[in-house]
1. In contact with a Cys (Cβ under 6 Å, 6 or more places away or on another chain) and assigned to a strand (DSSP E or B) - does that describe any residue in region 152-166?
2. Since Gly186 meets every condition but one in (1) at pLDDT below 95; (2) out of contact with any Ser or Thr (no Cβ under 9 Å at 6 or more places or on another chain); (3) within 18 Å of His68 (Cβ to Cβ); (4) of a type outside the set (Lys, Arg), which condition does it not meet?
3. Does region 51-62 include one or more residues that are at pLDDT 95 or above, over 18 Å from the mean Cα position of the chain (by Cα), surrounded by 17 or more Cβ atoms within 10 Å (Cβ to Cβ) and in a helix (DSSP H, G or I)?
4. Please indicate, with yes or no, whether at least one residue in region 180-202 is surrounded by fewer than 20 Cβ atoms within 10 Å (Cβ to Cβ), within 13 Å of the chain's Cα centre (by Cα) and farther than 25 Å from Leu22 by Cα.
5. Considering only region 119-150, how many residues are under 24 Å from Glu73 (Cα atoms) and assigned to a strand (DSSP E or B)?
6. Scan Leu114, Leu26 and give me the residue that is more than 22 Å from Thr195 (Cα to Cα), buried (at least 21 other Cβ atoms within 10 Å of the Cβ) and touching a residue at least 60 places away in the same chain (Cβ under 8 Å).
Amino acid sequence: MNMNDAQSNPCPDVDFPGHDKLVAALDAAVTSGDEHAVTKALRNTLCTMIRDRDVHLPACVHEPIEDHYARREIYRSPTHGYSVVAMTWAPGQGTPVHDHCGLWCVEGVWDGELEITQYELLERDGERFRFRAAGGMQAGPGSAGSLIPPHEYHTIRNASSDHVAVTLHIYKAPMEACSMFVPQDGEWFARLDKTLCTDDTE
């Protein structure tokens, strides 16, 4: 994901209109039960919050960064441990195939539209992995989806030529590293361990 040299904020809590309402709704969702119940509740919560006129993400999350998609952590729960990251995708920006380091995640589209492609892991040979695309979707404003390991391999891309997209990601815990997969021959990819950084929220 974002491999650029950005500052990491160890415990962010960015103020914005509707902050307390959003956090209260997320807190309720993450206490719903097992990971399947939690991610279902979070999907419903995100869909509701995206449409809630009382909730407005910080202005900075609508500002793209030219050389990489922006990854801004706007809240981290001191009680439940989950992390809220807003991502900003300029036209054409996207990710390679990657995982979520074993963490469940719920992703909602706040603005714009994204192409999301899921991948199925077919086999592994050491640090080489064989993937096959297992379905894709166009996700527009107000939509949300979830990823629960081991079904976590995917790509995200803003295919628009002129519109910025904004997404909100709720992770079980701060995701500070992941594996990225570089295409080799055919369906084979090489795995790279990557440290994830966050961009400034000011």
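The values are calculated or read from the model by the stated rules, or taken from the named source; none is laboratory data. What you see is a predicted model; the values in this text were computed from it and never measured. With ideal geometry, Cβ positions are generated from the backbone for all residues, glycine too; neighbour counts draw on all protein chains shown.
1. So in region 152-166, the residues in contact with a Cys (Cβ under 6 Å, 6 or more places away or on another chain) come out as none.
Scanning region 152-166 turns up no residue that is in contact with a Cys (Cβ under 6 Å, 6 or more places away or on another chain) and assigned to a strand (DSSP E or B).
2. Among (1) at pLDDT below 95; (2) out of contact with any Ser or Thr (no Cβ under 9 Å at 6 or more places or on another chain); (3) within 18 Å of His68 (Cβ to Cβ); (4) of a type outside the set (Lys, Arg), Gly186 violates only (3).
3. no
4. no
5. The qualifying residues number 6.
6. On the way: Leu114 fails: touching a residue at least 60 places away in the same chain (Cβ under 8 Å).
Criteria check complete, one pass: Leu26.
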